[in-house]
Amino acid sequence: MQTTRTIVERGAEVVLPTYPARPIAFVRGSGTTLYSEDGTAYLDLVAGLAVVSLGHAHPAPIDAFARQAATLGHVSNLYWTEPGVALAERLLELTGLDGGAFFCNSGAEANEAAIKLARRRGRVRGGPDKHRIVCLEGSFHGRTLGTLQATWAQQKKAPFEPLPAGFVHVRPDDGEALAAAVDASTAAILLEPVQGEGGVHPLTPEFLQLARQLCDRHDALLVCDEVQTGIGRCGAWLASRRLGIDPDAVTLAKGLASGIPIGALVTRALDDGFAPGEHATTFGATPPVAAAALAVLDTIEREGLLDHAERIGTHLRERLAPVPGVAGVRGLGLLIAVELAGGDAAGVARRLLDEEQVIVNAVSPTALRLCPPLVIGIEDADRAVAALARVLA
């Protein structure tokens, strides 16, 4: 008699193994809850890696996508569409930038566009030698060949070498090292205001201000990778603005359409930016995707989710800090890391999943990352704290 195979079993046979073994298949979601194929309910504190900003199955982006798809789905970027233009206008307003937006499909593509923009501008203003990109140790900017080289983790790079040259990394919050690395050959400083994959480490305002000053001094672009930190995740539209700096360009993705793929590069006005034909994408901000992103932005504003993210994030950090076995808590808004006194973050995350039906992920060997939907309430936050306390006990 043939038994019904699970999604987990089938997936292991047919999907390339680019991720670790996946222990659960989810079939449904609602708000902060995910349901596995056996019907078990889980509290989701990862939100698809900070993507599902409005929670699972929120009607706003879904309805906007469906309405627009029934009217106009795709015409390519050879033509204007109302949703794409409206989204660009809205992002310029929210970011305080005055240049333009380039739309793509992911954070890595947005960062790749930013690197190309910086090098294009550098070549125009300083010749071919002005091409270096200064990045930070602990950074993560994507997995294309260019963004992989901007990323710090050496183990992610080794299988794909040789990678593009011209990238240098300095220690976060080390002003002397940053000043020594930036010179006339620098096209851009590329950094995350809060290093997400690197362990949820906010940069100091002083270090960010120095980066701004060095870019001004050496005619380089300050590019803030806000793929994970932007669109309300850190209690503001941009973490960079919350930390007191004005970047020349920001990259966005993840939470922008709450689960529907989109990426964006948004810049200040540049005399030496892209010219026609120098960069492109087929699927950037198709009308349904742009409509969904606009609905997400509307909902964040209407429901006051920037303030809500800050309030719940503060509550979580205050409640988590005194839990026995917690060595420290850091982060901004609803991007939080819990440093464990006993280490073994991966083991603790697995026990939370198996024993408490709470989803977190290990962002380092000793730290858990919490980046729940922005709509999470106090009751779910307190449930998460109690679950961690039980596991650590």
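Points worth noting:
- If you go through segment 327-336 and keep only what is closer than 20 Å to Arg233 by Cα and either in contact with a Ser or Thr (Cβ under 8 Å, 6 or more places away or on another chain) or open to solvent by 30 Å² or more (accessible area, probe 1.4 Å) (or both), you end up with Val329, Arg330, Leu332, Leu335.
- Being within 25 Å of Ala367 (Cβ to Cβ) and either open to solvent by 10 Å² or more (accessible area, probe 1.4 Å) or in contact (Cβ under 8 Å) with a residue 24 or more places away in the chain (or both) is a description that does not apply to Thr299.
- Of the listed requirements (1) more than 22 Å from the chain's Cα centre (by Cα); (2) open to solvent by 50 Å² or more (accessible area, probe 1.4 Å); (3) over 20 Å from Thr251 (Cβ atoms), Asp98 misses just one: (3).
- Residue within segment 62-75 that is aliphatic (A, V, I, L, M), farther than 28 Å from Phe26 by Cα and not in a loop (DSSP other than H, G, I, E, B) present: no
- Within segment 115-139, the set of residues being small (Gly, Ala, Ser), under 13 Å from Leu221 (Cβ atoms) and open to solvent by 10 Å² or more (accessible area, probe 1.4 Å) comprises just one member, Gly126.
- Output for segment 177-194, where each listed residue is open to solvent by less than 20 Å² (accessible area, probe 1.4 Å) and hydrophobic (A, V, I, L, M, F, W, C): Leu178, Ala181, Val182, Ala187, Ala188, Ile189, Leu190, Leu191, Val194
- In this structure, Gly333 qualifies as touching an Asp or Glu at 6+ places or on another chain (Cβ under 6 Å), within 29 Å of Gly263 (Cβ to Cβ) and in contact (Cβ under 8 Å) with a residue 12 or more places away in the chain.
- Condition check for Tyr79: open to solvent by 70 Å² or more (accessible area, probe 1.4 Å), within 29 Å of Thr267 (Cβ to Cβ) and among the hydroxyl-bearing types (Ser, Thr, Tyr): yes
- Residues in segment 125-149 that are closer than 18 Å to Asp183 by Cβ and among the hydrophobic types (A, V, I, L, M, F, W, C): Ile133, Val134, Cys135, Leu136.
- Pairs, first open to solvent by less than 20 Å² (accessible area, probe 1.4 Å) in segment 342-354, second small (Gly, Ala, Ser) and outside any helix (DSSP H, G or I), C-beta under 7 Å, six or more apart: Ala345/Ala362; Ala345/Ser364; Ala345/Ala367; Ala349/Ala362
- For Thr286: the one exception among (1) touching a helix residue (DSSP H, G or I) at 6+ places or on another chain (Cβ under 7 Å); (2) buried (at least 20 other Cβ atoms within 10 Å of the Cβ): (1)
- The single condition from (1) open to solvent by 50 Å² or more (accessible area, probe 1.4 Å); (2) free of Cβ contacts under 8 Å to residues at least 60 places away in the same chain; (3) not aromatic (Phe, Trp, Tyr) that Pro324 fails is (2).
- Which numbered condition Arg369 misses (of (1) assigned to a helix (DSSP H, G or I); (2) open to solvent by less than 10 Å² (accessible area, probe 1.4 Å); (3) among the charged types (D, E, K, R)): (1)
- Residues being surrounded by fewer than 24 Cβ atoms within 10 Å (Cβ to Cβ) and aliphatic (A, V, I, L, M) - total across segment 195-207: 1
- Residue in segment 239-262 that is among the hydrophobic types (A, V, I, L, M, F, W, C), open to solvent by 10 Å² or more (accessible area, probe 1.4 Å) and under 18 Å from the mean Cα position of the chain (by Cα) present: yes
- Sole exception among (1) open to solvent by less than 40 Å² (accessible area, probe 1.4 Å); (2) within 19 Å of Ala239 (Cβ to Cβ); (3) touching a strand residue (DSSP E or B) at 6+ places or on another chain (Cβ under 8 Å) for Gly142, by number: (3)
- For Pro276, the conditions (1) farther than 23 Å from Ser364 by Cβ; (2) assigned to a loop (DSSP other than H, G, I, E, B); (3) in contact (Cβ under 8 Å) with a residue 12 or more places away in the chain; (4) not hydroxyl-bearing (Ser, Thr, Tyr) are fulfilled apart from (3).
The values are calculated or read from the model by the stated rules, or taken from the named source; none is laboratory data. The structure presented is a predicted model; accordingly, all values stated were derived computationally and were not measured. Positions of Cβ are generated from backbone atoms using ideal geometry, with glycine treated the same way; all protein chains shown enter the neighbour counts. Note: accessible area is taken over every heavy atom of the protein model, side chains too, but ligands, DNA and RNA are not part of it. Shrake-Rupley method; radii C 1.70, N 1.55, O 1.52, S 1.80 Å.
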